[in-house]
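Here's the structure, in structure tokens; my notes come after.
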Amino acid sequence: MNIRVSRGAGPPLMDKEVEIVERKGKGHPDTLCDKAAEELSIRLSEFYLESFGRVQHHNVDKVLLVGGQSNSRFGGGDVIEPIYLLLSGRAVDVVDRDYERQVPVGKFAVEHTREWLHEDLPHLDVNSDIIIDYKIRAGSTDLVGNFDVETDIPRANDTSFGVAYGPLSPTEELVLESERLLNSPEVKKKYPQIGEDIKIMGTRMNEDLHIQVAAAIICTETKDADEYMNVMQAIEDMILDLATKIDGLDTTVSVNTADSPDEGLYYLTITGTSAEHGDDGQVGRGNRANGLITPYRPMTLEAAAGKNPVSHVGKTYNVAAREIVRQVTEEHPDIEQVYCYLVSQIGAPITEPKAVNVELYGDCDVGKVMGSVTSIAGDVIADLPNVWKGFVKRKYQLW
């Protein structure tokens, strides 16, 4: 296996003057598309395992959300035009044609999506506020054939690459944890006005960090402008308090700065997501597999959500790279930063990547740790034939 361990070029991220980090929350239209794709993949995988003893070929990683229209106001509102969600891709829908063993792909696409949407967006009426549709067909003969080859080691379903880095910078950690905090059950119980569509943008200039928050507010839970402004202040206070525990930087917070109270304009929603009024979404346009959008870090444009968990390296290599980084940073805490890149070749065993590159930053002796890092990478890659089990159990973060 071609594993290269080297010293990273240039200063690590924290030594740079500027850093930009973004996270789109669980109710953002792009994130909803990512989850729709992955949840359908998981439900298909569960059915395949129950019925046929193995996961069958599928890639349901193309989901489009078309925003609806609504009329919101303090104390109430109406969804006028429902959100439209289209799930598409490729999946085995018949196994053993002699016995007509059908796979209820459409049922999973519609009913399972409706189930998790009801849990994630409690203010969304899944029976009237959204239309769930699907266009899923069988995969091409060559890709299905490549997937079905009888071998202990799956063959790569694509020529693609996965990347990871770690540990997170203070800015990255604050952006990630801010969204998680605002969407936590504890905060929702205390502030039911806060919807699920929360976007966080962190911009660091040297030691000064600014956090910009866009938070959809539930109009039916907010009686007037005074209550709305109190919630804005609460959001700011919660993030500033979190910042004191994480970043150690001079942090400022702004919330919903597009509001114009003099004109009666506020970020109000009925459902908790901007998808109800004109904001569209698509798989792969949101968070990368580690949950962040980080232009100053290595990233891949590959959308991991919805791809088959067995052999699609656009999914599995991102998780493998992340695991390599995690183990290296734990084993060698003196290394400031670790970057990992894996690239595949379609048709080759997934345990034989075309290249593995691990870059180390900091005052470490690369020669001393090379053997350990190479061993960690080799072990993680050798275990790739088992990684699909973690996807089916929702073990890995993908957005």
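Given the conditions (1) outside any helix (DSSP H, G or I); (2) more than 21 Å from the chain's Cα centre (by Cα); (3) hydroxyl-bearing (Ser, Thr, Tyr), report the number of the one that Ser88 does not fulfil.
Exception for Ser88: condition (2).
Looking at segment 70-85, which of its residues are assigned to a strand (DSSP E or B) and under 26 Å from the mean Cα position of the chain (by Cα)?
Scanning segment 70-85 gives Ile83, Tyr84, Leu85.
If you scan segment 303-319, which residues turn out to be in contact with a Leu (Cβ under 6 Å, 6 or more places away or on another chain) and of a type in the set (A, V, I, L, M)?
Selection gives Ala304, Ala305.
Those residues that are touching a strand residue (DSSP E or B) at 6+ places or on another chain (Cβ under 7 Å) and outside any strand (DSSP E or B), I need them from segment 196-221; list them, please.
Glu207, Cys219, Thr220 - these are the residues of segment 196-221 that are touching a strand residue (DSSP E or B) at 6+ places or on another chain (Cβ under 7 Å) and outside any strand (DSSP E or B).
Give the residue that is modelled with the lowest pLDDT, with candidates limited to residues of segment 241-262 that are of a type in the set (A, V, I, L, M, F, W, C) and surrounded by 11 or more Cβ atoms within 10 Å (Cβ to Cβ).
Among those that are of a type in the set (A, V, I, L, M, F, W, C) and surrounded by 11 or more Cβ atoms within 10 Å (Cβ to Cβ), it is Leu249.
Is it the case, given these coordinates, that Glu227 is assigned to a helix (DSSP H, G or I) and surrounded by 21 or more Cβ atoms within 10 Å (Cβ to Cβ)?
When the stated conditions are applied, Glu227 does not pass them.
Can we say Thr351 is over 30 Å from Glu17 (Cα atoms), touching a residue at least 40 places away in the same chain (Cβ under 8 Å) and either in the same structural domain as Asp197 (by TED's automatic domain parsing) or not acidic (Asp, Glu) (or both)?
On the way: over 30 Å from Glu17 (Cα atoms): yes; touching a residue at least 40 places away in the same chain (Cβ under 8 Å): yes; either in the same structural domain as Asp197 (by TED's automatic domain parsing) or not acidic (Asp, Glu) (or both): yes.
Spelling it out, Thr351 is indeed over 30 Å from Glu17 (Cα atoms), touching a residue at least 40 places away in the same chain (Cβ under 8 Å) and either in the same structural domain as Asp197 (by TED's automatic domain parsing) or not acidic (Asp, Glu) (or both).
Being touching a Phe, Trp or Tyr at 6+ places or on another chain (Cβ under 7 Å), hydrophobic (A, V, I, L, M, F, W, C), surrounded by 14 or more Cβ atoms within 10 Å (Cβ to Cβ) and outside the structural domain of Ile270 (by TED's automatic domain parsing) narrows it down to one of Leu40, Leu85, Leu49, so name that one.
None of the others qualify; the one that does is Leu40.
Can you name the residue in segment 347-386 that is among the β-branched types (Val, Ile, Thr) and within 24 Å of the chain's Cα centre (by Cα) and, of all such residues, is farthest from Pro167 (Cα to Cα)?
At the first step, the residues of segment 347-386 found to be among the β-branched types (Val, Ile, Thr) are 350-351, 356, 358, 366, 369, 373-374, 376, 380-381.
Filter once more, keeping what is within 24 Å of the chain's Cα centre (by Cα): 350, 356, 358, 380-381.
Values: Ile350: 26, Val356: 19, Val358: 14, Val380: 18, Ile381: 20 Å.
Applying the filter and picking the extreme gives Ile350.
Which number in (1) touching a helix residue (DSSP H, G or I) at 6+ places or on another chain (Cβ under 8 Å); (2) closer than 22 Å to Arg285 by Cα; (3) surrounded by fewer than 21 Cβ atoms within 10 Å (Cβ to Cβ) marks the one condition that Gly27 misses?
For Gly27, the exception is condition (3).
Within segment 303-311, is there a residue that is outside any loop (DSSP other than H, G, I, E, B), surrounded by 21 or more Cβ atoms within 10 Å (Cβ to Cβ) and either within 16 Å of the chain's Cα centre (by Cα) or of a type in the set (Asp, Glu) (or both)?
yes
Which of the following residues is in contact with a Gly (Cβ under 7 Å, 6 or more places away or on another chain), modelled with pLDDT of 95 or more and assigned to a loop (DSSP other than H, G, I, E, B): Gly272, Gly291, Gly286?
Step by step, each of Gly272, Gly291, Gly286 is checked, and only Gly272 is in contact with a Gly (Cβ under 7 Å, 6 or more places away or on another chain), modelled with pLDDT of 95 or more and assigned to a loop (DSSP other than H, G, I, E, B).
Which condition from (1) within 19 Å of Gly75 (Cβ to Cβ); (2) at pLDDT below 95; (3) not acidic (Asp, Glu) is the one that Thr222 breaks?
(2)
So for segment 321-332 (the condition being part of a strand (DSSP E or B) and either of a type in the set (A, V, I, L, M) or within 11 Å of Ala164 (Cβ to Cβ) (or both)), does at least one residue qualify?
Checked against the condition, which is being part of a strand (DSSP E or B) and either of a type in the set (A, V, I, L, M) or within 11 Å of Ala164 (Cβ to Cβ) (or both), segment 321-332 yields no hits at all.
Filter segment 351-379 down to residues that are out of contact with any strand residue (DSSP E or B) (no Cβ under 7 Å at 6 or more places or on another chain) and part of a loop (DSSP other than H, G, I, E, B), then give me how many there are.
The number of residues fulfilling the criteria is 5.
Scan segment 363-395 for residues that are among the small types (Gly, Ala, Ser) and more than 30 Å from Ser45 (Cβ to Cβ) and jot them down.
Let us first name the residues in segment 363-395 that are among the small types (Gly, Ala, Ser), namely 367, 371-372, 375, 377-378, 382, 390.
Scanning segment 363-395 gives Gly367, Gly371, Ser372, Ser375.
The values are calculated or read from the model by the stated rules, or taken from the named source; none is laboratory data. Note that the structure is a prediction, hence the values are computed from the model and not measured. Every residue, glycine among them, receives a Cβ derived from its backbone with ideal geometry; neighbour counts consider all protein chains shown.
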